[in-house]
Amino acid sequence: MRIKKSFQSYPWNWPVLGMLPAVLMRLGQIDDIISVLEKNNLTFIFRGPWFTRLHGLITVDPANIHHILSSNFSNYIKGPKFKEYFDVFGEGIFNADTELWKNLRMSSQTVLNHQGFQNLSMSVTTSKLKDVLLPLFSRFSEDGTVVDLQDVFRRLMFDISLVTITGSDPQSLSIEMPEVEFAKAFDNAGEAILFRHIIPRFLWELQKRMGLGKEKKLTEAGSTFDRICTRYIFAKREEKRSTENDHDHSNGESEDLLTSHIKLDTSKYQLLNPSDDKFLRDTIVTFIFAGRDSTSSALTWFFGLLSRNPHVEAKIRQEIKKNLPIAGASQEGPWPAIDHKEFLNKLVYLHGALYETMRLYPPVPFERKSPIKSDVLPSGHKIDANSHVIIPIYALGRMRSVWGQDAWEFKPERWISETGGLRHEPSSKFLVFNSGPRTCLGKHIAMTAMKTVVVEILQNYNIKLVKGHKIEPKPRLILHMKHGLRVTLTKRGSA
Ligand code: HEM
């Protein structure tokens, strides 16, 4: 009864299609949408009033998803509307389509796969853990302080992202937990973009013109991005000039993303212009947006789920203990990079637990596309040109017809194959890192960072959820926890 009432009472005819993603993230609604999707063979069409010509389709059917994101990829773009909503990120890869996207994709792939970047990412993550997070935890555990792990992980990932992207450390994770202007600008931008999805377009456009409300904050965030990125870019160009005469410092051992972009080989990427500060500014903000909150969201949900599933935590600890390269090595660290990588590769159960976390709580909760030409999907549904396709990733992970009757249960074992390895699931079913040519470029970096963080924390601390603390999702562009994740810490061995 409840399902029917709340679902049908929703104004599906409201002529503001942009609001749909926000609806899809509202948990009361999403539960209803999940059951409607199950009843409608995983796909349904929605229509706006005739005068709006706005309509589209919601699907969690893996065959449709494969068609949209892979086999008929060139027909499904993000489209001009997406770019308008996310305009503060400029011409970065998230907003780009067609030829510009291809250039950005190829160059970003080269930079992220570069050994120098991977080394930097690994060394920054380990040193942030050893030098900042663990000492901080030690202090919190001694004082019995209640810690919001969501805040801690957001700060940790902001600092790691910024160092690997620009070479500068904002030190937002420290005992003072300072408010950092640059980080705050990302929060304000995210809030305003979400708001754009919720209120009618003419309203936010009016607010933007008049400099009011969230639009005012978004404009200010854009100016903060411009100002701070200009500083980083200037410093990096200076650094490059001063080292050019000595010898090549960037010998491949360790290189941040901004340096690599300043040095891009333009003969390979003709639409990109590394001498243009705007190109570099858009690259910096896009990559911070891509890496910071997605990874911290997954870590937060992971520890949230562990607090309710002590048997999973015990199994992860056991796996870590069994595979440690040298007994006690993690206490001493840092390990040689190769050993560390091999060690992490052996943590199959932990990998499964992280995947299982993101299946239930995908950091990016929905995907949307717009077809250039009309098309017929494998399910038989017709989709018009310039309409909208929405794929609620959060709902996809909970569909019983896709994942089985136990779809709502947290079961890392689901990811373990008969031979003890990681079970492969097609990305059209496990869409957490997207699928097809636009698959997330940071997947391996994120998985490595998350495993490293989890190992360090579980090796050294016991974490206890504060009594009565409620764990609930919060509808945002990234799936946060509404009330944070409030815990206390006890040093292992000292309890
Ligand atoms: C748990 C962590 C992460 C998750 C769940 C995640 C998820 C995703 C998803 C769903 C997309 C597609 C978004 C869209 O279609 O608009 C995406 C794209 C992307 N991600 Fe990630 N991401 C994560 C971490 C990272 C990190 C750490 C980086 C960078 C180091 C990164 C870089 C990118 C880039 C550059 C794209 C754009 C790809 C393209 O459009 O071709 N991601 N990611």
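Quick notes
- Among the residues making up segment 182-210, those that are of a type outside the set (A, V, I, L, M), open to solvent by less than 30 Å² (accessible area, probe 1.4 Å) and more than 14 Å from Val285 (Cβ to Cβ) are Arg196, His197, Pro200, Trp204.
- Qualifying residue in segment 235-246 (condition: touching a residue at least 12 places away in the same chain (Cβ under 8 Å), touching a helix residue (DSSP H, G or I) at 6+ places or on another chain (Cβ under 6 Å) and of a type in the set (A, V, I, L, M)): no
- Residue check for Thr419: among the hydroxyl-bearing types (Ser, Thr, Tyr) and within 13 Å of the ligand (Cβ to nearest atom): no
- Under the condition of being assigned to a loop (DSSP other than H, G, I, E, B), within 20 Å of Val36 (Cβ to Cβ) and more than 22 Å from the chain's Cα centre (by Cα), the residues counted in segment 384-399 number 1.
- Selected residue [within 16 Å of the ligand (Cβ to nearest atom), touching a Pro at 6+ places or on another chain (Cβ under 6 Å) and either of a type in the set (S, T, N, Q) or within 20 Å of Phe73 (Cβ to Cβ) (or both)] from Ser428, Ser435: Ser428
- Ile193 in a helix (DSSP H, G or I), in contact (Cβ under 8 Å) with a residue 40 or more places away in the chain and under 30 Å from Asn119 (Cβ atoms): no
- Residue within segment 217-234 that is acidic (Asp, Glu), open to solvent by less than 20 Å² (accessible area, probe 1.4 Å) and at pLDDT 95 or above present: no
- Qualifying residues in segment 461-475 (those that are out of contact with any helix residue (DSSP H, G or I) (no Cβ under 6 Å at 6 or more places or on another chain) and outside any strand (DSSP E or B)) - the one surrounded by the most Cβ atoms within 10 Å (Cβ to Cβ): His469
- Residues (among the aliphatic types (A, V, I, L, M) and over 29 Å from Ser74 (Cβ atoms)) located in segment 101-123: Leu120, Met122
- Note on segment 400-424: residues that are crowded, with 16+ Cβ neighbours inside 10 Å, not in a helix (DSSP H, G or I) and not aromatic (Phe, Trp, Tyr) total 3.
- Candidates Thr43, Thr110, Thr126 - the one that is away from the ligand (no atom under 15 Å from the Cβ) and under 21 Å from the mean Cα position of the chain (by Cα): Thr126
- Meets criteria (away from the ligand (no atom under 16 Å from the Cβ) and over 18 Å from Leu136 (Cβ atoms)) for Glu472: yes
- Pairs linking a residue in segment 430-454 that is open to solvent by 30 Å² or more (accessible area, probe 1.4 Å) to a residue that is near the ligand (Cβ under 6 Å from one of its atoms) and not in a helix (DSSP H, G or I), with Cβ atoms under 8 Å and 6 or more positions apart or on different chains, are Cys440/Asn434.
- Segment 313-342, subset aliphatic (A, V, I, L, M), open to solvent by less than 40 Å² (accessible area, probe 1.4 Å) and under 21 Å from Asn119 (Cα atoms), residue modelled with the lowest pLDDT: Ala329
- Among the residues of segment 347-376, those that are out of contact with any strand residue (DSSP E or B) (no Cβ under 6 Å at 6 or more places or on another chain), under 16 Å from Lys429 (Cα atoms) and either part of a strand (DSSP E or B) or more than 12 Å from the ligand (Cβ to nearest atom) (or both) comprise Glu356, Leu360.
- Residue list for segment 371-387, restricted to those being open to solvent by 10 Å² or more (accessible area, probe 1.4 Å) and closer than 17 Å to Ser70 by Cα: Ile372, Lys373, Ser374, Asp375, Val376, Pro378, Ser379
The values are calculated or read from the model by the stated rules, or taken from the named source; none is laboratory data. None of these values were measured; they are calculated from a predicted model. Here the Cβ is made from the backbone with ideal geometry for all residues, glycine too, and neighbour counts use every protein chain on show. In case anyone asks, the SASA skips ligands and DNA or RNA and just uses the protein heavy atoms, side chains included. Shrake-Rupley method; radii C 1.70, N 1.55, O 1.52, S 1.80 Å.
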